[in-house]
1. Would you report the distance distribution of C-alpha pairs in the range 1-105 as whole percents per 10 angstrom bin, up to the bin with the largest distance?
2. If I model a spin label as a point 7 Å beyond the Cα along the Cα-Cβ vector, how far apart are those points for residue 78 and residue 66 in nm?
3. For the range 103-172, which chymotrypsin sites (Phe, Trp or Tyr not before Pro) pass both filters: DSSP loop (anything but H, G, I, E, B) and at most 10 other C-beta atoms within 10 Å?
4. Under 5 Å between amide H atoms, partner at least 5 residues away or on a different chain: which partners does residue 123 have, H built in plane at 1.01 Å?
5. When only DSSP loop residues count, what chymotrypsin sites (Phe, Trp or Tyr not before Pro) in the range 8-39 have their Cβ near at most 15 other Cβ atoms within 10 Å?
6. Find how much the distance from residue 115 to residue 127 grows on full extension, using 0.36 nm per residue of separation minus their present alpha carbon separation; answer in nm with one decimal.
7. Multiply the residue separation of residue 51 and residue 85 by 0.36 nm, subtract the distance between their alpha-carbon atoms, and state the gained length in nm to one decimal.
8. Quick one: length gained pulling residue 32 to residue 94 fully straight, 0.36 nm per residue minus the C-alpha distance?
Amino acid sequence: MQKMLLAVDRLSTWIGKATAWSVVVLTVMVTWEVFSRYALNRPHGWMLDAQIMLYGLLFMAAGAYTLSKNGHVRGDVLYGFFRPRTQAAIDLVLYIVFFLPGVFAMTWAGWTFAQESFAIRETTFNAEPLPLYPFKFVIPFSGAVLLLQGLVEIVRCVICLQRGQWPSREEDVEEVDVDKLKEMVHVDDDNDPLAGGPAREGGRA
């Protein structure tokens, strides 16, 4: 079971990191458009639409990735003080009552919108139109991946209720905290002036 949970985590992580490269593409596109508009006096009518679609791709695809890392915003004022079983019970109720119906509706409606857009070969509305239907298929795809990751999180809640502790997750790059930073530079709290310990030999009092 744990291998299956981590496999879904890896899938969400891979999709999130792959679509993250759209940030680089967006940066290049914005830079080129600014140069082209103000230096060459040759703006492109399709550029803004392309940027919006790329940003939408990044935003939609990041949902499952963030959920797999337990990184979505939540009210941690009280939640952080609860025991794992209490946290799991709260999460399980919220996933069933709010998450599943909402994401399923988004996926279903997104698939309908994408099919209708493909049927009419929908394009953007400007002098230099871009095909819009490929982007609309991002909605049901991202919804389906998010739904899959949500089911994995529900399984994690059930496991936590049974065992009393959260199962492990796929590790990823995280912000370095003070303890990790001290380990990297081999600082001992007993000899750390900032931690209240004695200063290093040769230091000033």
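Taken together, the values in this text are just the output of simple stated rules run on the coordinates, not laboratory data. Model, not experiment: these values are computed from the prediction. Positions of Cβ are generated from backbone atoms using ideal geometry, with glycine treated the same way; all protein chains shown enter the neighbour counts.
1. 12, 29, 27, 17, 11, 4, 0
2. Rounded to a tenth, the inter-label distance reads 2.4 nm.
3. 125
4. Close amide H contacts, sequence-distant or interchain: 132.
5. Numbers: sites: 14, 21, 32, 35, 38; in loops: 21.
Sites meeting the loop and neighbour criteria: 21.
6. Computed gain between residue 115 and residue 127 is 1.9 nm.
7. My answer for the length gained is 7.9 nm.
8. 17.9 nm
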